[in-house]
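Heads up, the thing below is written out as structure tokens.
Since every read-out is calculated from the coordinates, none of them should be taken as a lab result. Only a predicted model underlies this, so the values are computations on that prediction, with no experimental measurement involved. Cβ sites come from the backbone with ideal geometry, for glycine too, and all protein chains shown count toward neighbours.
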Amino acid sequence: RPVIMNAFELISTSQGLNLSNLFEK
Amino acid sequence: MGCYYSKRARQESGYEDPTTLASETSFTVNEVEALFELFKKLSSSIIDDGLIHKEEFQLALFRNSNKKNLFADRVFDLFDVKRNGVIEFGEFVRSLSVFHPNTPEIDKISFAFRLYDLRQTGFIEREELKEMVLALLNESDLVLSDDVVETIVDKTFVDADSKGDGKIDPEEWKEFVARNPSLIKIMTLPYLKDITLAFPSFVLNSEVED
């Protein structure tokens, strides 16, 4: 049975939402 | 102890009283002071004016000041509460506070909703969700057929749009997140609890000295 991805799950992987990069030294 | 420099820098960047900011956010006074160190670094990376410009935000996120990204744009716009094209220190602290581990989940759910409500209509609409999926695929160099994208969006709407009116309202979003808590994992930065360790130089500039 094919697994259909949750669209929000997919977009939450965007690098633009990963604010931990702000803390990179 | 560098007081002249630190006062000047504070005036330039719309520095707000750390006690006030701490009282309005999940941060302690010391953590707000530490965030000022981070803010100074980010706000002087391209234009040294004590304000975070979009190019500086993109540079911090992507190591590239020219990288266009729909989601980074949305985050920037939400941080830029005054909508004047730059992020001031107070805006930076108040917005980052949403990502603090101690901040109530309801605030994180609400921030994520506003993030995904691209056109600020008060709803996450089907077209907006599709636009975000396409942006993510583009960013990730993933290619999916339009049929597959439509299927993903349809399936998500079947799950999230419980009233079936073709748009997700804040109440439906709250219920959807309750059933899928992983959706707001990105709204918590565990690192924020250790910010004073990461940026200890605030001690040198602390107002306690003034």
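List of remarks:
- Among (1) under 14 Å from the mean Cα position of the chain (by Cα); (2) surrounded by 15 or more Cβ atoms within 10 Å (Cβ to Cβ); (3) of a type in the set (Val, Ile, Thr), the one test that B:ILE124 misses: (1)
- Taking segment B:138-157 as the range and being surrounded by 14 or more Cβ atoms within 10 Å (Cβ to Cβ) and either touching a helix residue (DSSP H, G or I) at 6+ places or on another chain (Cβ under 7 Å) or at the interface with chain A (Cβ under 8 Å from one of its Cβ atoms) (or both) as the test, the residues that pass are B:GLU139, B:LEU144, B:VAL149, B:THR151, B:ILE152, B:VAL153, B:LYS155, B:THR156, B:PHE157.
- The single condition among (1) outside any helix (DSSP H, G or I); (2) touching a residue at least 24 places away in the same chain (Cβ under 8 Å) that B:PHE57 does not satisfy is (1).
- Restricting attention to segment B:183-198, the residues that are outside any helix (DSSP H, G or I) and within 8 Å of chain A (Cβ to nearest Cβ) add up to 1.
- Filter result (in a loop (DSSP other than H, G, I, E, B), within 13 Å of the chain's Cα centre (by Cα) and either among the polar types (S, T, N, Q) or over 15 Å from B:GLU55 (Cβ atoms) (or both)) within segment B:66-87: B:VAL81
- B:ARG119 surrounded by 12 or more Cβ atoms within 10 Å (Cβ to Cβ) and under 18 Å from B:ARG74 (Cβ atoms): no
- Residue check for B:THR188: within 21 Å of B:PHE71 (Cα to Cα), among the polar types (S, T, N, Q) and out of contact with any Cys (no Cβ under 7 Å at 6 or more places or on another chain): yes
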